[in-house]
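K.L.:
Quick one: structure below, then a few questions.
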């Protein structure tokens, strides 16, 4: 991702991009901060297992889509190299975790999960094996991987292993 | 990471690097393939819980070390952008997972884990929450995070959730 590519795609001259953002790092940070305001709503299927499987399936479907998968991959690549993009990425995922944590809060309210479970850790634990396959080991993810990740996270939460430290 | 930086650090002219490897992508792939031959041995503490905690702690200690942490981060950044590095990274982690899977195999032999558990999935599940924090959400990892990741993976394996699909 370069200023030239962005300008080319947008059909503007690269000086327009440089004047507004200066570097790709700042452009990415700005785009991410704008994107955070879009109202993403956590799945609400009526059970914590259904919600976590839906959340994990959303991650898998994003990675399976050749266009949408570019977003997390480009973000993480940019964030590994530049601090403004890194901070924006971290804010993005913090907001997403906070929004998804409602799944765990509702589950505690329904008595499906013990009080004191770390609600955001349940979200991280659900998503982590999928990101690990895509980014680290380079292995495929599918709906079965999504269900396995969701069920593993849920079992750990129910066993009290994800309790706030 | 650029050919210029590599040449500079090695105290050679950049044409020497170009002549041998051509691009950073190929250089990284070559370095990784050489590194795979170094004999990494999985921890062997006498219990699967101890082994998994030791494995997760090794991951955390690597990320906590400003020098050693550059290796996985540089690899993954390079792999996101170039195919030779990506293939080499994938081979690297496949070899590491296969080597670490002995932890799960020994545990099955000792009756600590059910037959049919996916031995490599237990390794992925142990490491994934740590890589997720470092690479995706940008949150700190510590020994407590390592223990939590290991225990969560173990609970899931014991519950049969990590069985071969």
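K.L.:
Over region B:41-158, calculate the relative contact order: mean separation of alpha carbon pairs under 8 Å at least 6 apart, over the residue count, as a percent.
P.N.:
37 percent
K.L.:
Mind listing the label-point distances from residue B:109 to the same position on all other copies, shortest first, one decimal in nm, points 7 Å along Cα→Cβ?
P.N.:
Ordered by increasing distance: 5.1 nm.
K.L.:
How do B:108, B:48, B:12 rank when sorted from fewest to most other Cβ atoms within 10 Å of their own Cβ?
P.N.:
B:12, B:108, B:48
K.L.:
To continue, here is another question. How many angstrom lie between the Cα centre of region B:116-145 and the Cα centre of region A:102-155?
P.N.:
About 12 Å separates the Cα centre of region B:116-145 from the one of region A:102-155.
K.L.:
For peptide B:137-149, what's the mean number of Cβ atoms from other chains within 10 Å of each residue's Cβ?
P.N.:
Mean shielding by partner chains, rounded to a whole number: 4.
K.L.:
Distance between Cα centroids, region B:45-71 to region A:1-71: provide it in whole Å.
P.N.:
Each part's Cα centre sits 32 Å from the other's.
K.L.:
OK, next. Kindly give the distances from residue B:41 to its copy-mates, label point to label point, with each label point 7 Å from Cα along Cα→Cβ, as nm values to one decimal ordered shortest first.
P.N.:
From this label point to the equivalent ones elsewhere in the assembly: 5.7 nm.
K.L.:
Between copies, how far apart are the residue B:2 label points? List them in nm, one decimal, shortest first, with each point 7 Å from Cα toward Cβ, please?
P.N.:
In ascending order, 1.2 nm.
K.L.:
Arranged from highest to lowest average of other beta-carbon atoms within 10 Å per residue, in what order do the peptides B:137-150, B:113-126 appear? Mind dumping the intermediate values first?
P.N.:
On the way: B:137-150: 19.4, B:113-126: 21.1.
Sorting B:137-150, B:113-126 by mean packing, highest first, produces B:113-126, B:137-150.
K.L.:
When only alpha-carbon atoms count, how far does region A:7-165 stretch along each of its three principal axes, as whole angstroms with the largest first?
P.N.:
Here the Cα extents, ordered largest to smallest, are 57, 29, 27 Å.
K.L.:
Using Cα atoms only, what is the angle between the long axis of helix B:83-100 and the major principal axis of chain B, expressed in degrees (0 to 90) to the nearest 10?
P.N.:
Rounded to the nearest ten degrees, it is 30.
K.L.:
While we're here: Assign one of three labels to the protein assembly as shown, namely rounded, prolate or oblate, based on the Cα gyration tensor with a ≥ b ≥ c the square roots of its eigenvalues; rounded applies when a/c is under 1.5, prolate when it is not and a/b is larger than b/c, and oblate otherwise.
P.N.:
Oblate shape, in that a/c is at least 1.5 and b/c is the bigger or equal ratio.
Each reported figure results from applying straightforward, stated rules to the coordinates on display, with no laboratory input. Just so it is clear, the structure is predicted and the values come from calculations on it, not from any experiment. Because the Cβ atoms are built from the backbone with ideal geometry, glycine has one as well, and the counts that use them run over all protein chains shown.
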